[in-house]
Amino acid sequence: MDSVRRLWYRHSPQLFISELLEKRWMEPIVPFTLMCLVFLAFVLTIPGYAGWPNLQQLMRSFPEQALVAMAMAVAVLAGGIDLSVGAVFAMANFLALYLLQILGLPFPVMIIGVLAFGALVGAINGGLIAYAKTRPFLTTMVVLIVVRASYNKLTTAYTRELASASETSDAWDFLGIGTIFGIPVNMVCLVLIGLAAHIYLTRLRPGLQIMAVGSSRKAARHAGIDVKRSLFTAYVVSGLLTAFAGILYAARQNSSGTDTGVGWEVNALAAVVLGGISLAGGRGTIARALIGAVIIFLLINGLVQLGTHGSLTTATIGFLLIAAVGFNVKWQKNKGKVLQKIYVSPTLVEFTPPPSIARDAGTAFAENDRLHAAEAIAYERIEGPEDVILDRQDNLYTVNRNGSIIRFLAPDYEVREEFARIGGRPLGMAMDREENLIVCVAGMGVYGVRPDRSVFKVTDETNRSWLRLKDDSRLYLADDLDIAPDGKIYFSEATIRYDLADWALDGFEGRGNGRLICHDPATGRSTTILKDLAFPNGVCLAHDAQSVLWASTWLCRIHRLWIAGPRAGQCEILVDNLPGYPDNINRASDGTYWLALVGIRSPVYDLAMADPGFRVRMVKQIPPDEWLCPGINYGCIAKFDDDGTVLETLWDPGGHSHPTITSMREHKGHLYIGGLENNRIGRLRLPGADPTWTSWASYWDDASPSAGRRAPVREMA
Amino acid sequence: MSKGSIFVKSAAAALAAGLLAAATLTPARAADPREELHASFEKAVKGKTVAWVPVWLGVLESTWTRVMKAHFDDYGMKLVVRDPNFKSDVQLQAVSTLINEKPDVLIVQNPTANLLARELKRAMDAGIYVVQVNMASNTLTDAYVGADVPKLGRMLAKDVVAECGGGKGSGKVAILEGEATAAYSLDMAKAATEVLKTDPTIKLVSSQPANWDANKAGDITTTVLQQHPDLCAILSVWGPMTAGAAQAVKNAGKQGQVKIYVASDGQPADCDLLEQGLFTKNLSYRADTQGEAIVNAVLGLLQNGDKPGSKKLAYYTTNYWVKSKDDRAYCFTVPKE
């Protein structure tokens, strides 16, 4: 039973759904599903519906409506509306027949003439709306009435000629009834124009400007976009698309009836809304308009094929549209909320009681006051020194909340200067052989700062895992790193599901959302070497450089990953069941390691971790400031050796000077202490420590005693 | 009792049965002309599919449909109905789809003379008999069933001339067309106009399409009456939309003064309006009998066996004047369901 429970929580479907909902292509999921359902319903009820002849027929009948819906979509995306599409379409249809059949003009002249008419009406719409600042709704409605009236006059005047027109030419017939590889010509036109329109609106400057104007006219103006010209262009494009639809329709139907184009603006608008394009403008795609148009088209066509009475068809479509649009609006509005509700997906973590930290417990973890002796450096001159490091000249570097690297100059650390500005939230640091500062930057990746202060990117991506919906090739929360003698950079990414501001939420999950990544400067490529790790945090290369130690914060463990020697690639637990949440790990002068415990476990929270359902209810039902959180207010610094034995701890009870300790660095007999939320860097003299030992030398100075030293475990193996 | 005797007995029985059967069957082989006719009729029509695409399912079209269905059901034929509900693009889709489905006969009512022209030809090429009803296409097909439209126009116009021509009254006449590009409306208006022109005292003051819509017909009539308060007569190509025109005449206080001549499909409302004095005279072609004519045309095509498109037949229906209550017989009744 327990194993089923574990399995359930490990592979929670919630995880999949929430990542699915995050996808941008999920936005039109409702209309898309409806489209598929409608098609499927007709496949099941109408014999031969999915057969090629019928599909061909559908493809031939659809494009004109689709083009008109696209025209409407362009106007709506620009923040307006174009009600004149129906009338312009009818008029273009008439003009095409008139120019070709009655005047007998050549085919290309007819095309140019009709398109010019569409552009002209678009220009009138656009000119009035953009330059005379009239309201789109009223303007296009007036144009609709004017064009429609002219259409009625003209068709009446040319009734006899139109009714007896039966001139055909090869080009005309090809456009009307021809096929290209079995696909009707007008469908091919639709696909090409649709692609072009999509590229225009999403890739090309004028189209992007239309979208920008639709999203926010004010912002677009501030960004230097010619708002008027963009609006004008949008209506001209709309007119052109409609006019082209009229030509295709004329070629196919050869008829100009009084009902041509009547109500098409309503259908087009319905398609746009059904596709989920915001009537407020700026949000939506051409594809969505097409999805909406397909639904309406298939419904009408299918219901007629089923032999439904006309009035029933209309009623059914009206009802379905209301239902779909209503649901879609709700969906668009609440998708974010649903995502929020189900995004946090806690898993099962079963702890055993940790060693006691009571003062009289007699364990290595027994609380003491040793950190009280730490003096404060840079007091109130630094914000959130998550990590600290010193160079060969004893200068002290630390990270700042605002995205910069701050340097305090030796020997007294009174002079503060901004060493480099990277951006993001710099966290863990390491120094390479060339004395470049390599920094993990949350939200950006791994960056480097040369001694001359120039900033360079090390990496901001890794390989993508193919079976995951979420694109995990980007680095979300690079946390800490260390560098192997061969220059390879091992760094942890704490979680890919949350950003730094929400890192505590990742703690509620307790799930393996993080990973360990190796960047090889030789190839410039980064590879994920371990994944599904529960908040991997501190990373430290062992003194013998044969393995990498890394801490899993939420599981309170330290792991050892062998990177060289016979066990290379294997990962083992080095320290388990720590009484607190481990953060950074760094080398100590005596061949052991310093470990920052960012917080201390409590029995209540351990219990909560064993009950994912409780945490789900908590996250869903009560406001964030009342959530039960892991205790990260105060912790301690511990020291452990290569065997995983914790030797001693340094405490600041109550966290008065050093709450949330995230790192410490030993340098020439002193320990420098950093904290994620602190306003100072602590400096503690270490009695008995090697006063000449520096971290840089232990990595890169071949004369250093710890360099090349072999761990006992390795010798035993 | 031995097995042998059983065998003999059963063999004798079989022989006797065989002789008896032969004796009873022999007369059937001799030709019974009436049964043979019936057999060949059944062979030609039974199980055949007839597809029917009206402009919409109004009273007129529903009557055709009802009559057709009753007959086709009786003959063991299948009737498939597609209702585009007055949308010409949907109607074109419906017809195109039907051609792919290959019914044996396709019956259409053309909203305009060109809309289906290409598809009807394609249907015949695909081996489907095509019958057009009342509203024709530019493409001639296997059969046309319906009113002799120009004749309707001429008959109505002659009566109008008799009423308004020869210097009697103002001589002003208005024609209410249906859909401008529909053959039915186009041809009738054209034929009527030609007759009206033969009398120089007749002035055709308006000839406008009302798109089969009573509201639009009412609007047009109101306008015409404002411009020509002394209008003598209105000649309308279809009954239901004329109701709006008659109402406009009544509202203008000119009921009885402006005569209304209507080409009627014989739907009950047309006779009601006449009996109320709103219409002056109906020329009815009776949709129910037209329905039967359609059925007969279909039966003819199926039994004839000619290749679709090889002959162009016409089945013109006969027109009857409806002048009073006594002519109610020329309006059909819609049975209650």
Averaged over the residues of B:209-219, the number of partner chain Cβ atoms within 10 Å of each residue's own Cβ comes to 1
Computed over the stretch B:61-207, the convex hull of the Cα set has an average projected area, in nm², of 9.9 nm²
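Quick one: putting +1 on the C-beta of Lys and Arg, -1 on the C-beta of Asp and Glu, what dipole do you get for the protein assembly as shown around its Cα centre, in Debye to the nearest 20?
3340 debye
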Cα-based Rg then Dmax for the stretch A:357-507, in Å, read 17.8, 53
Binned at 5 Å starting from 0, the alpha-carbon pair-distance distribution of the stretch A:27-133 in whole percents comes out as 2, 9, 13, 16, 15, 13, 12, 11, 6, 2, 0
For the stretch A:10-339 (alpha-carbon point model, no solvent) the Debye-based log₁₀ I(q)/I(0) at q = 0.12, 0.13 Å⁻¹ works out to -0.86, -1.00
Under the helix-only model (-39500 (n - 2.57) for each DSSP H run of 4 or more, divided by the residues of chain A), the mean residue ellipticity at 222 nm, to 500 deg cm²/dmol, is -13000 deg cm²/dmol
The alpha-carbon center of the stretch A:467-510 and that of the stretch B:258-328 are separated, in whole Å, by 83 Å
With bins of 10 Å, the percent of all Cα-Cα pairs of the stretch A:447-509 per bin from 0 is 17, 41, 32, 9, 1
Whole-Å distance linking the alpha carbon centroid of the stretch A:278-335 with that of the stretch A:203-267 is 21 Å
Summed over the other residues with a beta carbon less than 10 angstrom from that of A:I632, with K and R at +1 and D and E at -1, the charge totals -2
Hydrodynamic calc, the stretch A:1-67: Kirkwood Rh from Cα pairs, then Stokes-Einstein at 10 °C with viscosity 1.306 mPa s, so D in µm² s⁻¹ is 101 µm²/s
Cα-Cα longer than 19 Å, checked against B:K78/B:K336; B:K216/B:K325; A:K337/A:K620; A:K218/A:K337; B:K69/B:K307; B:K69/B:K336, kept in input order, equals B:K78/B:K336; B:K216/B:K325; A:K218/A:K337; B:K69/B:K307
So, over other residues within a Cβ distance under 12 Å of A:R617, counting Lys, Arg +1 and Asp, Glu -1, the net charge is +2
Cα-based Rg then Dmax for the stretch A:518-632, in Å, read 17.1, 51
Links exceeding 27 Å between C-alpha atoms in this model, out of B:K121/B:K281; A:K153/B:K121; B:K158/B:K254; A:K153/B:K197; B:K48/B:K312; A:K341/A:K470, come to B:K121/B:K281; A:K153/B:K121
Kirkwood calc, the stretch B:136-285, C-alpha pairs only, radius in angstrom 15.0 Å
The correct pair for the stretch B:202-337, radius of gyration to one decimal and Dmax as a whole number, both in Å and from Cα atoms, is 18.0, 58
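Place the peptides A:240-248, A:32-40 in order of packing, highest mean first, counting for every residue the other Cβ atoms within 10 Å and averaging per peptide. Present the calculation step by step, with values, prior to reporting the outcome.
Numbers: A:240-248: 29.0, A:32-40: 16.3.
Most protected by this proxy first, the peptides run A:240-248, A:32-40.
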In a Gaussian network model of chain B with springs linking alpha carbons closer than 10 Å, the residue among B:F279, B:F72, B:F86 that fluctuates most is B:F86
Proxy exposure order for A:V304, B:V67 (fewest C-beta within 10 Å first) is B:V67, A:V304
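Net charge around B:S96, counting only other residues with Cβ within less than 13 Å of its Cβ (Lys, Arg = +1; Asp, Glu = -1)? All intermediate terms of the calculation are to be shown ahead of the outcome.
Values: positive: A:R60, A:R252, B:R82, B:K102, B:R118, B:K121, B:R122; negative: B:D89, B:E101, B:E119.
In short, +4.
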With R₀ set to 60 angstrom, the calculated FRET efficiency between the beta-carbons of B:Q276 and A:W25, to the nearest 0.05, is 0.40
Mean shadow area (nm²) of the C-alpha convex hull around chain B is 24.7 nm²
Inverse of <1/r> over all distinct C-alpha pairs of the protein assembly as shown, i.e. the Kirkwood Rh in Å, gives 36.2 Å
Residue-normalised 222 nm signal for chain B, counting each DSSP H run of n ≥ 4 as -39,500 (n - 2.57), nearest 500 deg cm²/dmol, is -16000 deg cm²/dmol
Which of B:G244, B:G153, B:G169 fluctuates most in a GNM of chain B (C-alpha springs under 10 Å)? That residue is B:G169
Taking every residue of B:95-108, the Cβ atoms of other protein chains inside 10 Å of its Cβ average out to 3
Per the charge dipole of the stretch A:590-653 (beta-carbon charges, Lys/Arg positive, Asp/Glu negative, Cα centre), the residue among A:G591, A:A610, A:N633 reaching farthest to the positive end is A:A610
Between the alpha carbon centres of the stretch A:613-691 and the stretch A:1-69 the gap in Å comes to 50 Å
For the stretch A:147-223, shape from the Cα gyration tensor axes a ≥ b ≥ c, cut at a/c of 1.5 then a/b versus b/c, turns out oblate
Applying the gyration tensor rule to the Cα atoms of the stretch B:75-156 (axes a ≥ b ≥ c; rounded if a/c under 1.5, else prolate if a/b exceeds b/c, else oblate), the class is prolate
The farthest towards the positive end of the charge dipole of chain A, of the residues A:G224, A:Y379, A:P521, given +1 on Cβ of Lys and Arg and -1 on Cβ of Asp and Glu, is A:G224
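FYI, it's all coordinate maths here, none of it is from the lab. The structure displayed is predicted, hence computed values, not measured ones. Positions of Cβ are generated from backbone atoms using ideal geometry, with glycine treated the same way; all protein chains shown enter the neighbour counts.
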